[in-house]
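The values are calculated or read from the model by the stated rules, or taken from the named source; none is laboratory data. Since the model is a prediction, treat every value here as computed from it, not as a measurement. Don't worry about glycine lacking a Cβ; one is built from the backbone with ideal geometry, like all the others, and counts go over all protein chains shown. Only protein heavy atoms, including side chains, enter the accessible area calculation; ligands, DNA and RNA are left aside. Shrake-Rupley method; radii C 1.70, N 1.55, O 1.52, S 1.80 Å.
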Amino acid sequence: MESDPIRGGHRRRKRRVRVVGGCAMAVLLVVVVVVVVVTAVVLSNRTDTFKATFIQECERRTPENTSTDCVEVWSAFEQAYVGRDPCQVPPEAYDHLLSVAPPQPACNRMLFWSGTKEVAHQVSEGCYQTMEDSMLGSVLDGMTWCGKEGSNETFTSGCPGWTECENNPVRSFWSRASAEFAAVACGDAVVLLNGSRDTPFSPTSIFGSIEVKKFTSDRMKSLTAVLVTKDNVLANCEDESLKNLQKELKPGIKYICKEVPESELLTCKKDHDQTCVPCW
């Protein structure tokens, strides 16, 4: 019986289709495997890099006379957020971390700020201690981190912003750590407030909503509110919000208010950098 050239050609085309289709599937499988492997490596490297930076900075910032184990500190830190919805990490998730690495009091040298971060850090350098100058604060200042449900990785991108959800890992850390920092404030403390704002003391800021409420009269003697002014002065020591600040202080904590131009503050700091003379 003679073969059907049409049917034979059809079979050959089908075989070619199967071969091509098989090759395509094989290529696709290889691509998928490569993507999965590369993704795993990237995630692993991301976590390892963040961890290495954390531990390195922790060791560099830890005073020699303390016995802080920075590997233990890292473990306590990641327990707060790894594997959790990044919008479901409340401040108390960092309780264990703050028990492992509590802020150390610096009596008469503790500096708080609200709306004046840049100038506060310029003034504090070498003389005073802000929350960001504490060990954990200095390690995590400017950093972003979060976890994801079902993952044991640390992510440094794709995390919720400060206002995106209240209980995000970064915001909750600063809220909880700031509360602990304020709770150990002792002696004569200072807060730099922004005189270019209508309300230099804001009850919704971290200083107003958290730190002030943690000051205790058995540890703190006084709080000097330094109103840092520029050309566009919008407030002075008679501002209603500052009167509210005074009311917020617990009985026994002396309240002092001073108005100081920012230029004068920074010039004074430069001239007396080695002696730490108060510039207010």
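Things to note:
- Candidate residues 73, 100: accessible-area rank, largest first, probe 1.4 Å: 100, 73
- q = 0.13, 0.19, 0.22 Å⁻¹, the stretch 136-280: log10 I(q)/I(0) [Debye, one scatterer per Cα]: -0.73, -1.20, -1.33
- Ligands, DNA and RNA aside, residue 135 has an accessible area near 40 Å² when probed at 1.4 Å.
- Heavy atoms of residue 48: accessible area, 1.4 Å probe, square angstrom to 10: 80 Å²
- The radius of gyration of the Cα set in the stretch 217-260, together with its Dmax, comes out at 11.7, 39 angstrom.
- Heavy atoms of residue 61: accessible area, 1.4 Å probe, square angstrom to 10: 100 Å²
- Kirkwood hydrodynamic radius of the stretch 76-118, from inverse mean 1/r over distinct Cα pairs, in Å: 12.9 Å
- Counting charges near residue 193 (Lys, Arg +1; Asp, Glu -1) among other residues having Cβ under 15 Å from its Cβ returns a value of -4.
- The residues of the stretch 77-190 have, on average, 40 Å² of accessible surface per residue, using a 1.4 Å probe with all protein chains present.
- Overall dimensions of the stretch 93-167 as given by Cα atoms, namely Rg and Dmax in Å: 15.1, 46
- Percent of Cα pairs in the stretch 131-195 per distance bin of 5 Å, from zero to the largest separation: 3, 14, 21, 21, 19, 11, 6, 3, 2, 0.
- Members of 148/247; 51/250; 51/269; 148/213; 51/117; 51/230 lying beyond 31 Å, as alpha-carbon distances in this model show: 148/247; 51/250; 51/269; 148/213; 51/230
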